[in-house]
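See structure below.
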Amino acid sequence: MVFLDLVRVDLKKWLWIISIPTLVVLLGLGYFQVGEPAGFSAICGTVLLTFTLLPSMFMRLGFFRENPYQRWLVKYRKDLGIVAGTWLLTHGLTSGLFFLKRDESILGQLLEPALQPVWIMIPILSLMLITSNKTSERILGRQWKNLHSLVWLLPGFMIYHGNLSIATFEKENFAPATIILGVVVLVAFYEFWKTRSYRRVLLFLIGFISTMVLWFVNNPD
């Protein structure tokens with residue numbers, strides 16, 4: 001509880017105090033192609049997204065309902081989502097600076113199979129960030145929640161993009177963030193089985209089916 005007492009003052013403020021200078025440094029490392037800024041930003045963004053989604057899912061299922069840490073995370077769900085989206089978008093820019101060859105066509109490289117999901121993920125993340133404010137909530141009304149439910153499309157695209165990218169650019173076999181996203185997917189399916197709340201699972205499936213289509217288009221044989 002001491003930890004909660006220290007950070008409860010204003011988690012939103014501390015998230016930005018930590019994130020802004022870190023993201024600036026990662027962009028610099030990406031530009032100068034030093035270290036592993038792409039992998040670090042991907043894992044941090046995925047963890048923040050998981051902290052945005054998972055506690056609310058547990059609360060709906062009745063798991064750890066009285067746990068103060070979980071209730072605290074649910075309270076700051078919107079702030080965590082905004083910071084997670086910022087980290088993930090910065091990851092995209094950092095990765096582009098780090099991996100894309102500057103003497104070749106940028107558009108051509110962005111059409112590579114590993115980066116094709118980016119054309120879907122970036123508009124979704126950007127749209128959610130732009131509308132993450134009270135003014136947008138008031139203007140959109142009930143449609144605001146429907147718009148932000150598009151976040152459930154992301155895990156499928158992120159798993160596909162992460163594993164294909166790490167194989168293409170870093171010559172490794174497995175993206176660690178996949179494990180974290182896999183937990184979110186499993187809990188969502190469990191929630192569907194318990195409550196028959198189908199929206200999240202349907203969006204998950206649309207995301208995964210879309211990645212399968214991308215795979216077969218790029219690998220017709």
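Every number here is computed from the coordinates shown, using simple stated rules; none is lab data. As the structure is a computational prediction, the values presented were derived from the model and not from experiment. Glycine also receives a Cβ, built like all others from the backbone with ideal geometry; neighbour counts cover every protein chain displayed.
Quick notes
- Relative contact order of the chain, pairs being alpha-carbon contacts under 8 Å that are 6 or more residues apart, as %: 22
- In the chain, the longest principal axis of the Cα atoms and the axis of helix 154-169 are about 30 degrees apart.
- Rounded to whole Hz, the Karplus (6.51, -1.76, 1.60) HN-Hα couplings of the range 140-149, x for glycine and proline: 7, x, 5, 6, 4, 5, 4, 4, 6, 5
- Note on the range 1-156: Rg/Rh from C-alpha atoms, Kirkwood Rh, equals 1.01.
- Within the range 29-70, the chymotrypsin sites (Phe, Trp or Tyr not before Pro) that combine a DSSP coil assignment with at most 16 other C-beta atoms in a 10 angstrom radius are Phe63, Phe64.
- Neighbourhood charge, 15 Å Cβ-Cβ cut-off, centred on Val83 and excluding it, Lys, Arg +1 and Asp, Glu -1: +3
- Centroid-to-centroid, using Cα positions, the range 192-221 and the range 33-82 are 22 Å apart.
- Kirkwood hydrodynamic radius over Cα pairs of the range 101-216, then Stokes diffusion coefficient at 20 °C and 1.002 mPa s, in µm²/s: 136
- Residue with peak Gaussian network fluctuation, the chain [Cα springs, cutoff 10 Å], from Gly85, Gly62, Gly162: Gly62
- Here the Karplus relation 6.51 cos²θ - 1.76 cosθ + 1.60, evaluated at θ = phi - 60°, turns the backbone of the range 187-200 into coupling constants of 5, 5, 5, 5, 4, 4, 5, 7, 10, 6, 7, 8, 4, 5 Hz, with x for every Gly and Pro.
- Calculated from backbone phi, Karplus (6.51, -1.76, 1.60) coupling profile of the range 17-28 in Hz, x at Gly/Pro: 4, 7, 6, 4, x, 5, 5, 4, 4, 5, 4, x
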